[in-house]
Ligand code: SF4
Ligand code: FES
């Protein structure tokens, strides 16, 4: 398991193994994982420790979009495709992302640096079109902004 | 003339979360003091005079809701602040929490006192994670200063607040689904009755209020309902926070008196349309709201004027689309959203959205027929009438109004194909 069991146990203890705290528990456990997801092994471990079924854990993970059952790249890019971003030229941004990253929406790059996904509105419509990278909001996006953001994330020094 | 107001937003840009003393200097917690001093009857009277209606979208009179709530008896009761602002095109609650967190906490404490709860929660959507620590800090400082915690202001009233993080699910904006998620379950709406006001969190009576509603409660109890009621119109009293966005020059959160026209809002406050284009349509109240064609933009922004034309205030979102936007593409984005967010519990919503998506795909590919259009309309009506919760009941609103106002556009793409 990527996450340290010691840390996971600490989280479980903090929430007193209460199943009513399943969502914060899973959120915190997911944060321990660099790949931003809850592995099957981890789900099994938590189920056993909390004395609840693995199905219950998966029901919750798959229901909520902030909980992932699949690994994400180092930079998890979530492009908003809801109404406001849609009419403020999200398509241009999407094309720029696809061409800069060399992956389609829904994919993770081979080097696991980037995952690109759609996400519903995250309440940044006043700065639409917008995206989140590892939960940090980037707004008022333009094609040239995308270029510079991606190259910064790649660690390119030339700007 | 820009008629934005500073009533609910009086403290915006006047303090940082660390500076609770500045909030207090500005008259902060005066609403709570008045509430505790003068008692529950006074609070209900003030709310009734203020004409306040729930600002989450349901628009139910707050005074009436609170008066009913305080008469429910139980050993333990809870109050919630619903900061799960998930309605696309809506971000005014975010602004309130960013720019005046103490006012929201103050409103929540007043709701706790009135409802008879010792414990309150603020349920903040996961997407506003950047706010979670800030609000925790505000809670801590309010406790240290005696405005939360034990024996508040020496009145014997105990009240504490905890932050709960959502996990990304629009349907959790619905009270019972939100509570399901707080209990560690998938957020599917519960069967009613019982309403959450009777059996909510952990089976106890739970009263939930929107962020803006609570901020207004604190404002009204500070300034006096009669003064607050000087704003607005006879039937839509007071001021309203709006989320103005889309193809306007100055998108943002604004506080306006009820009664301005949409035209004034878009041009005087929003600066007009980007590129000085014309307006094609608006969507009021977020993604679950109707599309409003341009011809209605002289309508006054009040509950009664909008309702008379078949529209509504909803969440207070005002999305503006310029003349170059495609209604079909817009509907696709609406449909994608609901497709993604349907919890899958009931058939009309789950299957309806699937069908709607299929038909929309056809429309945008240009392979749809007039029969398909009739079909979409039928499915939309079934979803609206037969879905279990508000999500399914409103998922087809945009589609139905698009058919009503833009069928030439929807049809022309159909007929062109037929002519080929
Ligand atoms: S209407 Fe949709 S979201 Fe609501 S209960 Fe039915 S399936 Fe779930
Ligand atoms: S619609 Fe994109 S952030 Fe709200």
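A compact table of results
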{"item": "Single match in A:95, A:140 (criterion: more than 16 Å from the chain's Cα centre (by Cα), part of a loop (DSSP other than H, G, I, E, B), more than 30 Å from residue A:41 (Cα to Cα) and more than 16 Å from ligand 1 (Cβ to nearest atom))", "result": "A:140"}
{"item": "Criterion: more than 16 Å from ligand 2 (Cβ to nearest atom) and either at pLDDT 95 or above or within 19 Å of residue B:391 (Cα to Cα) (or both) - qualifying residue of B:362, B:357", "result": "B:357"}
{"item": "Enumeration of residues in the stretch A:124-135 that are within 7 Å of chain B (Cβ to nearest Cβ) and buried (at least 24 other Cβ atoms within 10 Å of the Cβ)", "result": "A:125, A:128"}
{"item": "In the stretch A:40-57, residue surrounded by the most Cβ atoms within 10 Å (Cβ to Cβ) [restricted to those that are within 14 Å of chain B (Cβ to nearest Cβ) and farther than 22 Å from residue B:179 by Cβ]", "result": "A:46"}
{"item": "Residues (in contact with a strand residue (DSSP E or B) (Cβ under 7 Å, 6 or more places away or on another chain) and closer than 13 Å to residue A:72 by Cα) located in the stretch A:1-38", "result": "A:36"}
{"item": "Subset of the stretch B:291-300 [more than 12 Å from every other protein chain (Cβ to nearest Cβ) and touching a strand residue (DSSP E or B) at 6+ places or on another chain (Cβ under 7 Å)]", "result": "B:292, B:293, B:294, B:297, B:298, B:299, B:300"}
{"item": "Members of the stretch B:87-99 that are within 16 Å of ligand 2 (Cβ to nearest atom) and crowded, with 24+ Cβ neighbours inside 10 Å", "result": "B:87, B:88, B:89, B:90, B:91, B:92, B:93, B:94"}
{"item": "Subset of the stretch A:12-39 (residues that are in contact (Cβ under 8 Å) with a residue 12 or more places away in the chain and more than 14 Å from chain B (Cβ to nearest Cβ))", "result": "A:32, A:33, A:34, A:35, A:39"}
{"item": "Top-ranked residue in the stretch B:381-393 [being surrounded by fewer than 23 Cβ atoms within 10 Å (Cβ to Cβ) and part of a helix (DSSP H, G or I); ranked as farthest from ligand 1 (Cβ to nearest atom)]", "result": "B:381"}
{"item": "Strands (runs of 3 or more DSSP E) wholly inside the stretch B:245-304 that include at least 1 residues being surrounded by fewer than 21 Cβ atoms within 10 Å (Cβ to Cβ)", "result": "B:252-257, B:291-293"}
{"item": "Some residue of the stretch A:102-114 being within 9 Å of ligand 2 (Cβ to nearest atom) and under 20 Å from residue B:339 (Cα atoms)", "result": "no"}
{"item": "Wholly within the stretch B:11-99, helices (runs of 4 or more DSSP H) carrying at least 3 residues that are away from every other protein chain (no Cβ under 14 Å)", "result": "B:20-25, B:30-38, B:40-50, B:62-69"}
{"item": "Hits in the stretch B:214-244 (condition: surrounded by fewer than 24 Cβ atoms within 10 Å (Cβ to Cβ) and in a helix (DSSP H, G or I))", "result": "B:222, B:223, B:225, B:226, B:227"}
{"item": "Residue match in the stretch A:98-106 (condition: assigned to a strand (DSSP E or B) and surrounded by fewer than 23 Cβ atoms within 10 Å (Cβ to Cβ))", "result": "no"}
{"item": "Residue among B:208, B:261 that is closer than 22 Å to residue B:74 by Cβ, touching a strand residue (DSSP E or B) at 6+ places or on another chain (Cβ under 9 Å), more than 14 Å from every other protein chain (Cβ to nearest Cβ) and away from ligand 1 (no atom under 16 Å from the Cβ)", "result": "B:208"}
{"item": "Flag for residue B:397 being away from ligand 1 (no atom under 16 Å from the Cβ), buried (at least 18 other Cβ atoms within 10 Å of the Cβ) and in contact (Cβ under 8 Å) with a residue 24 or more places away in the chain", "result": "no"}
{"item": "Enumeration of residues in the stretch A:112-134 that are in a loop (DSSP other than H, G, I, E, B) and either within 16 Å of ligand 1 (Cβ to nearest atom) or in contact (Cβ under 8 Å) with a residue 24 or more places away in the chain (or both)", "result": "A:112, A:113, A:120, A:121, A:122, A:124, A:128, A:129, A:130, A:134"}
{"item": "Search result, residues across the stretch B:320-332 that are at the interface with chain A (Cβ under 9 Å from one of its Cβ atoms) and crowded, with 22+ Cβ neighbours inside 10 Å", "result": "B:320, B:321, B:330"}
{"item": "Residues of the stretch B:145-189 satisfying the condition of being at the interface with chain A (Cβ under 8 Å from one of its Cβ atoms) and closer than 20 Å to residue B:101 by Cβ", "result": "B:164, B:165, B:166"}
{"item": "Every residue from the stretch B:103-128 that is over 19 Å from residue B:23 (Cβ atoms) and assigned to a strand (DSSP E or B)", "result": "B:119, B:121, B:123, B:124"}
{"item": "Options B:404, B:418, B:371; residue that is surrounded by fewer than 16 Cβ atoms within 10 Å (Cβ to Cβ), in contact with a strand residue (DSSP E or B) (Cβ under 9 Å, 6 or more places away or on another chain), in a helix (DSSP H, G or I) and at pLDDT below 95", "result": "B:404"}
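The rows are residues; the columns are (1) surrounded by fewer than 24 Cβ atoms within 10 Å (Cβ to Cβ); (2) under 18 Å from residue B:173 (Cβ atoms).
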site: B:50; (1), (2): no, no
site: B:55; (1), (2): no, yes
site: B:79; (1), (2): no, yes
site: B:84; (1), (2): no, yes
site: B:101; (1), (2): no, no
site: B:109; (1), (2): no, no
site: B:118; (1), (2): yes, no
site: B:122; (1), (2): no, yes
site: B:125; (1), (2): no, yes
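Let's see how each residue does on (1) more than 16 Å from ligand 1 (Cβ to nearest atom); (2) in a loop (DSSP other than H, G, I, E, B):
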residue	(1), (2)
A:31	yes, no
A:41	yes, no
A:47	yes, no
A:57	yes, no
A:61	yes, no
A:65	no, yes
A:68	yes, yes
A:77	yes, no
A:85	yes, no
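The values are calculated or read from the model by the stated rules, or taken from the named source; none is laboratory data. These figures come from a predicted structure and were not determined experimentally. Glycine also receives a Cβ, built like all others from the backbone with ideal geometry; neighbour counts cover every protein chain displayed.
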